[in-house]
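A short worksheet on the structure shown next.
The values are calculated or read from the model by the stated rules, or taken from the named source; none is laboratory data. Model, not experiment: these values are computed from the prediction. Cβ atoms come from the backbone with ideal geometry, glycine included; neighbour counts cover every protein chain shown.
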Amino acid sequence: MEQKLRQEAKTLLEQNKVDRIIGFEPGSLKFTATPLITGDKNDTERLIINPFIVNNLADFLTGIEGRVGIVAKGCDSRSIVSLIQDNKVARENVVILAVPCPGLIDLAKIERLVGKNRDELDDITRDGDKIIVTVDGKKKEFSLSQALFDHCLACELPTPQEYDILLGEPRPPAPELQTSGQNITKLKETLPTERWEFWKNEFSRCIRCYACRNACPACFCQRCFVEETEPQWVMPVPRWQDNLIFQIVRNIHVAGRCTDCGECERVCPVNIPLRSLTREMYNMVDELFSFKSGMDKEALPLMAHYEQEEAEDLFR
Amino acid sequence: MADKKVSKKDIARLLEQWSRQFTVFAPSKESGVAAMAEWDGKDTGFLDWYRNTIIPPKASFLPQMEEMFHFQKGEEGYNIKTPPADERSRLLFGVRPCDARAMAIVDMTFKDAYEDPYYLSKRKNAVLVGLGCTNPCESCFCTSMGTNPTDQTNVDLMLIDIGDEFLIEEVTAKGKELIAKTKDLKEAAKNDEAKATQSKKTAYDRVTRKLDTEGIKDRLLASFDDKEYWEQTAAKCISCGICTLLCPTCYCFDINDEMVKQEGTRFRSWDSCGFPNYTKMPMENPRQEKWRRVRQKVCHKYEFYPMTFDVIACTGCGRCIRLCPVNWDITRVIESVPDKAEAKK
């Protein structure tokens, strides 16, 4: 798959079909990949595909001019489609290099499973439905549900539906979709007062780095409401109340756009389980409007279109 | 005078003793993220998991958010009420050498032409008890940045891991005084010094990431206008605040008023030059494009700080590398800065 990707990417640049390629190259730490954004055909030799290509590359599309060839896993492709729906990206300006994705390895889970830090591990590989971690020369086997990201266990579209070049055999969705994840299920069993305490505690440590927002392709506002000072919707001071309001509003703003790629939770440096909010919103959007974001580029954006017949008086 | 030592299992007793005189801070995950937190009187579990905190210990002196004063509009202008200065004597237990050096670097700014009372009131009475690293991270590069995993330079006391015990190195007068008053410490045995030397060497050798900073100030000066280089360098940055807010030497803060009717509070809180609306309050951020902000971050640490204070404002703690959502690696960037001959204008 990697060889095909490198060849296709190189050809796209050589034939001047794109100005830039967005993909992944090896990262500088063990078990990491890092985004590669380049217009140089020689750089395409560095492109990789492996279980650690965690970033949602669609995030870079709105900041880039010209035509772009982009490596897309299922979730990335849904974000691209969502951006097309919102008129943020023109379909003819992107060449989607589709990666059928078997799920990505969650290093935080692996660390908890083996009780070691990621840089203390010798190797992490996948063999069919097993993830094999080598620690101190010994191999340990884990199941996919133990080792993959929660959002990968809930993935409905491992292979992009919208693409230009398919890089491998399409993969079916996971047989047993774990649509909510343990955190959400547990949270839903608690009393509202307990849940309030839970979130108060979680948001107390938010440092307002905005990595959740900036890593999110659906958060494409040129100017975020948190940065407005007249009027000031929310204080830029990292108090739990303001942090919580920021995240709730962000969540509502991405309703119908969030594709459950899990990036917000992954990038959070202080471990706030943000996907427990976004996934719940995703499920609600599905239940209320039968809408799954990023599945159909012809579909009108859920929250950004209006029809005369709609019953709400507010918009008439 | 021979060195003292303390058993790892007696650390709780030691901290308990010190708690009578100081507000003791120690590494903790209680909040859900590793940080220096007020010691709860019993937890020494950090001895098992602690490599470094996510939240740098600068937060003990420059909190994420602090109230500067309260104001109320009166008949003749504003009445200002300043909260009492927080002059509690803090003892930070377990500071890593990289972070201790970082605090010495931040001190330079807060003690410069303007003395910052909020920071200095907390800092001046603080005792730093360092804890030498035994297991540096893959992202650490302290040995290239003027310090090392067991460097005692910027702490009052330094603890070196010698197996079941820590050898205590008394560094400053403050540290010596504290040890003189501390009970139940053991005298170091003859071979403890040798064990400490070995422990230091092992830790030093485990820092495998190296960075050559020779001539970096000049290279950055030469490449300042190389837009192509900076655009390429900044391409994958997502402009979040992780690498700056969680950097132990970054000290920028924002000031905000929260006002209801005629009264309110002025806060300051961490800010980041990576944010598009940084320094927006006077007018506009002169660094609208991302590459200019990324350049600022790099230059401030490796060019401007050396120009002002003769020291690079980076200690190789590696947080920015470990925590970056896109693996933007400062060491790779510094290595790739063009020199005078290569830089494009």
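The strands (runs of 3 or more DSSP E) found entirely in the range A:81-193 that carry 2 or more residues being within 30 Å of A:Thr11 (Cα to Cα) and under 23 Å from the mean Cα position of the chain (by Cα) are A:94-98. At least 1 residues being among the polar types (S, T, N, Q) is the threshold, and among the strands (runs of 3 or more DSSP E) wholly inside the range B:52-136 those reaching it are B:65-74, B:77-81. Within the range B:49-83, the set of residues being more than 17 Å from A:Val237 (Cα to Cα), within 14 Å of another protein chain (Cβ to nearest Cβ) and touching a strand residue (DSSP E or B) at 6+ places or on another chain (Cβ under 6 Å) comprises B:Tyr50, B:Thr53. For the range B:216-236, a residue qualifies if it is at the interface with another protein chain (Cβ under 9 Å from one of its Cβ atoms) and either assigned to a loop (DSSP other than H, G, I, E, B) or in contact (Cβ under 8 Å) with a residue 40 or more places away in the chain (or both), and the qualifying residues are B:Ala235, B:Lys236.
Checking the condition outside the structural domain of B:Lys73 (by TED's automatic domain parsing) and at pLDDT below 95, which residue from B:Ile321, B:Ile255 passes?
On the way: B:Ile321 fails: at pLDDT below 95.
None of the other options fit; the residue is B:Ile255.
Table: residues versus (1) surrounded by fewer than 21 Cβ atoms within 10 Å (Cβ to Cβ); (2) part of a loop (DSSP other than H, G, I, E, B); (3) in contact with a Pro (Cβ under 8 Å, 6 or more places away or on another chain); (4) more than 9 Å from chain B (Cβ to nearest Cβ).
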{"residue": "A:Ser28", "(1), (2), (3), (4)": "yes, yes, no, no"}
{"residue": "A:Thr44", "(1), (2), (3), (4)": "no, no, no, yes"}
{"residue": "A:Ile48", "(1), (2), (3), (4)": "yes, yes, yes, yes"}
{"residue": "A:Phe60", "(1), (2), (3), (4)": "yes, no, yes, no"}
{"residue": "A:Glu65", "(1), (2), (3), (4)": "yes, yes, no, yes"}
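Which of the residues spanning the range A:219-275 are among the β-branched types (Val, Ile, Thr), within 13 Å of chain B (Cβ to nearest Cβ) and in contact (Cβ under 8 Å) with a residue 40 or more places away in the chain? Of everything in the range A:219-275, those that are among the β-branched types (Val, Ile, Thr), within 13 Å of chain B (Cβ to nearest Cβ) and in contact (Cβ under 8 Å) with a residue 40 or more places away in the chain turn out to be A:Val267, A:Val270, A:Ile272. Taken as a whole, the condition of being in contact with a Ser or Thr (Cβ under 9 Å, 6 or more places away or on another chain), closer than 22 Å to B:Trp18 by Cβ and among the small types (Gly, Ala, Ser) does not apply to B:Gly146. A:Glu309 meets the conditions (1) surrounded by fewer than 19 Cβ atoms within 10 Å (Cβ to Cβ); (2) touching a helix residue (DSSP H, G or I) at 6+ places or on another chain (Cβ under 9 Å); (3) more than 14 Å from chain B (Cβ to nearest Cβ) in every case but one. The failed one is (2).
When each of B:Lys301, B:Lys290, B:Lys200, B:Lys227 is tested for being outside the structural domain of B:Pro63 (by TED's automatic domain parsing), under 25 Å from B:Cys133 (Cβ atoms) and of a type in the set (Lys, Arg), the lone residue that passes is B:Lys301. Put simply, of B:Ala102, B:Ala37, B:Ala59 the only residue that is in contact with a Pro (Cβ under 6 Å, 6 or more places away or on another chain) and closer than 30 Å to A:Glu120 by Cβ is B:Ala102.
Each residue in the range A:240-254 was checked for being in a helix (DSSP H, G or I) and crowded, with 20+ Cβ neighbours inside 10 Å, and 5 of them qualify. Of all residues in the range B:254-294, those that are part of a strand (DSSP E or B) and either facing chain A (nearest Cβ under 9 Å) or touching a Ser or Thr at 6+ places or on another chain (Cβ under 6 Å) (or both) total 7. Within the range B:295-315, is even one residue away from chain A (no Cβ under 14 Å), in contact (Cβ under 8 Å) with a residue 12 or more places away in the chain and of a type in the set (Lys, Arg)? Yes, the range B:295-315 contains a residue that is away from chain A (no Cβ under 14 Å), in contact (Cβ under 8 Å) with a residue 12 or more places away in the chain and of a type in the set (Lys, Arg).
Looking across the range B:137-148, the residues that are part of a loop (DSSP other than H, G, I, E, B) and within 18 Å of B:Val311 (Cβ to Cβ) come down to B:Phe141, B:Met145, B:Gly146, B:Thr147, B:Asn148.
If you go through the range A:202-239 and keep only what is assigned to a helix (DSSP H, G or I) and modelled with pLDDT of 95 or more, you end up with A:Glu202, A:Phe203, A:Ala211, A:Cys212, A:Arg213, A:Asn214. Filtering B:Thr244, B:Thr202, B:Thr182 for residues that are away from chain A (no Cβ under 14 Å), within 26 Å of the chain's Cα centre (by Cα) and at negative phi leaves a single hit, B:Thr202.
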